[in-house]
Amino acid sequence: MSAVLSFPSLAGALGPAAPDPAPPTAAECAALRNAIERARAISVRPGRAPGIVAAVMAGDEVLAYGENEVHAQCDPTRHAEVVAIARATRALGRTDLRGATLLSTLQPCEMCLAAMRFAGIGRLVFAARQECVHRKYFRFPALRITDFHEASGAAFVHHGGVFEGEVLDLYADGDE
């Protein structure tokens, strides 16, 4: 039997997703900095791939963090963003994350962008941008985030390059 966590202070924070041109908030920046610290810690562990860490927030609260578990779980779908989304939906006891924000140390790949949209997440904040990292992180390198944004009917907003200089070395060469 699993317990469902309750977040009473989040009442209304997971409302309908709406276009939001606002820059990253102080809380989002703090959560992204925490994710970057976690990614750096993971990256120095012996035998570990470059650390990728994501978080899902509702309002000013982090619902869940996730790190890349692809090699640890022998599962190519266990990207940090997918792990964070899964943990957030379990914590809330529902799959609808409308009104939430997804944060990541690396621009989400195509699969993660789809998972974000399936969960209803309409806001994305990330550090390293696709054009600044090794191409191995993207399976459709000709597609840019602006292509996904346009294809979604502008159903999400994105802010990339936030604290980018602090993570580029993690994703520069693609070594694992």
**Asked** What is the one condition in (1) open to solvent by 50 Å² or more (accessible area, probe 1.4 Å); (2) over 26 Å from Pro23 (Cα atoms); (3) not charged (D, E, K, R) that Phe148 does not satisfy?
**Response** (2)
**Asked** So, in the stretch 151-176, of the ones that are over 24 Å from Arg33 (Cα atoms) and touching a helix residue (DSSP H, G or I) at 6+ places or on another chain (Cβ under 9 Å), which residue ends up surrounded by the most Cβ atoms within 10 Å (Cβ to Cβ)?
**Response** Ala155
**Complete:** Per the list (1) assigned to a loop (DSSP other than H, G, I, E, B); (2) open to solvent by less than 50 Å² (accessible area, probe 1.4 Å), residue check on Leu143 breaks on (2)
**Hey, Ala91 part of a loop (DSSP other than H, G, I, E, B), more than 11 Å from the chain's Cα centre (by Cα) and either under 21 Å from Asp173 (Cα atoms) or not basic (Lys, Arg) (or both) or not** = no
**Prompt:** Could we say that Ala114 is within 23 Å of Ala27 (Cα to Cα) and either of a type outside the set (D, E, K, R) or in contact with a Leu (Cβ under 6 Å, 6 or more places away or on another chain) (or both) here?
**Reply:** no
**Item:** Test for Glu37: is it open to solvent by 50 Å² or more (accessible area, probe 1.4 Å), acidic (Asp, Glu) and farther than 20 Å from Leu92 by Cβ
**Value:** yes
**Prompt:** Checking Phe7 against (1) in contact with a helix residue (DSSP H, G or I) (Cβ under 6 Å, 6 or more places away or on another chain); (2) surrounded by 14 or more Cβ atoms within 10 Å (Cβ to Cβ); (3) modelled with pLDDT under 50, which test does it fail?
**Reply:** (1)
**Message:** Could you check the stretch 64-81 and list, in sequence order, the residues that are open to solvent by 20 Å² or more (accessible area, probe 1.4 Å) and either within 15 Å of Val125 (Cα to Cα) or acidic (Asp, Glu) (or both)?
**Reply:** Tyr65, Glu67, Glu69, Asp75
**Prompt:** Got a sec? Which of Pro76, Pro24, Pro46 is closer than 30 Å to Asp173 by Cβ and at pLDDT 95 or above?
**Reply:** Pro24
**Request:** Residues being farther than 27 Å from Leu92 by Cβ, in a helix (DSSP H, G or I) and in contact with a helix residue (DSSP H, G or I) (Cβ under 6 Å, 6 or more places away or on another chain): count how many of those fall in the stretch 108-131.
**Result:** 0
**Message:** Among the residues of the stretch 90-106, are any at pLDDT 95 or above, surrounded by fewer than 24 Cβ atoms within 10 Å (Cβ to Cβ), more than 15 Å from Phe126 (Cβ to Cβ) and of a type in the set (S, T, N, Q)?
**Reply:** yes
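The values are calculated or read from the model by the stated rules, or taken from the named source; none is laboratory data. Keep in mind it's a predicted model, so treat the numbers as computed, not measured. Here Cβ is always computed from backbone atoms with ideal geometry, including for glycine, and neighbour counts include all displayed protein chains. Remember, those area values only see protein heavy atoms, side chains included, never the ligands or the DNA or RNA. Shrake-Rupley method; radii C 1.70, N 1.55, O 1.52, S 1.80 Å.
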